[in-house]
Amino acid sequence: DNQQKKQYDWLKPYQFKTEILNLAKIAEQKKPKVVLEIGTSTGGTLFIWSRLATTDAHLISIDLPGGENDWAYPAWKEAFYEKFASKSQKIDLIRADSQQNETLENLKKIMNGKEVDFLFIDADHSYEGVKKDYELYSPLVKKGGVIAFHDIVKFPDYTHVNVKQLWDEAKVGKEYKEFIENKDQLWGGIGVIFV
């Protein structure tokens with residue numbers, strides 16, 4: 001019904017449908033056991049990964065504490081996001097700045113020697129910010145794993161979003177795919193590197 005739809009609208013991922021479906025197909029094929037998401041926001045993509053990962057997967061989200069920016073989720077959503085895990089899955093929500101070395105060290109303790117199968121980067125969209133996230137977390141991805149970036153298209157200059165520049169550098173010499181719904185779109189696009 002309409003009221004129920006309204007309640008779940010805020011869980012919807014901020015993605016073009018065809019782009020996220022293509023990435024979801026890759027996640028479904030890979031069946032990741034360890035998923036790391038940098039930037040969770042409304043939780044839509046975290047929910048998707050929880051359904052496509054193995055039944056005993058470890059899902060980890062790194063996001064700023066609520067109130068730090070317009071995209072960070074409020075503290076009350078933590079209990080809701082933890083319920084995304086099936087009976088044998090585990091979800092850890094790290095509420096910290098992904099670009100701090102102490103956040104990386106905390107993550108390594110939580111992972112306890114495990115490697116990442118699926119890394120989704122959708123946090124700081126400045127060139128410097130996404131580059132830092134890539135440099136810090138891509139070394140944790142195992143051979144055969146996947147690194148995905150959101151918002152790889154050229155944004156208008158006034159937005160200061162420049163994931164495209166990092167994406168154009170990161171994909172050089174690697175096996176990759178790009179999912180862009182429309183060549184004239186001014187946001188979105190998903191880039192995938194196969195490690």
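The values are calculated or read from the model by the stated rules, or taken from the named source; none is laboratory data. A quick note: this is a predicted structure, and the numbers were derived from the prediction, not measured. With ideal geometry, Cβ positions are generated from the backbone for all residues, glycine too; neighbour counts draw on all protein chains shown. Heavy atoms of the whole protein, side chains included, go into the accessibility calculation; ligands, DNA and RNA do not. Shrake-Rupley method; radii C 1.70, N 1.55, O 1.52, S 1.80 Å.
Pull out a ≥ b ≥ c, the square roots of the eigenvalues of the alpha-carbon gyration tensor of the stretch 150-195, then state rounded if a/c is under 1.5, prolate if not and a/b is larger than b/c, and oblate in the remaining case. Oblate shape, in that a/c is at least 1.5 and b/c is the bigger or equal ratio.
From helices alone, the chain scores -10000 deg cm²/dmol at 222 nm; the rule is -39500 (n - 2.57) for each run of n ≥ 4 DSSP H residues, then divide by the residue total. Modelled spin-label separation between A96 and D168, with each label point placed 7 Å from Cα along the Cα-to-Cβ direction: 3.4 nm.
The mean sequence separation of alpha-carbon pairs under 8 Å and at least six residues apart, normalised by the residue count of the chain, gives a relative contact order of 20 percent. With each label modelled as a point 7 angstrom along the Cα→C-beta vector, the D157-E28 pair spans 4.2 nm.
When the Cα positions of G145, L64, I94 are compared along the charge dipole of the chain, G145 comes out farthest toward the positive end, with charges on each C-beta of Lys, Arg, Asp and Glu. Using a probe of 1.4 Å, the accessible surface attributed to H125 totals some 40 Å² when neighbouring protein chains are kept in position. In this Cβ point-charge picture (+1 for Lys and Arg, -1 for Asp and Glu), the stretch 118-195 has a dipole of about 340 debye about its Cα centre.
Taking a ≥ b ≥ c as the square roots of the eigenvalues of the Cα gyration tensor, the stretch 21-81 is classed as prolate, since a/c reaches at least 1.5 and a/b is larger than b/c.
For the stretch 49-195, with all protein chains in place and a probe radius of 1.4 Å, 49% of the accessible heavy-atom surface sits on carbon or sulfur.
Sorted from longest to shortest, the spans of the Cα atoms of the chain along the three principal axes equal 45, 40, 34 Å. Reported to the nearest whole Å, the Cα centre-to-centre distance from the stretch 30-46 to the stretch 146-190 is 18.
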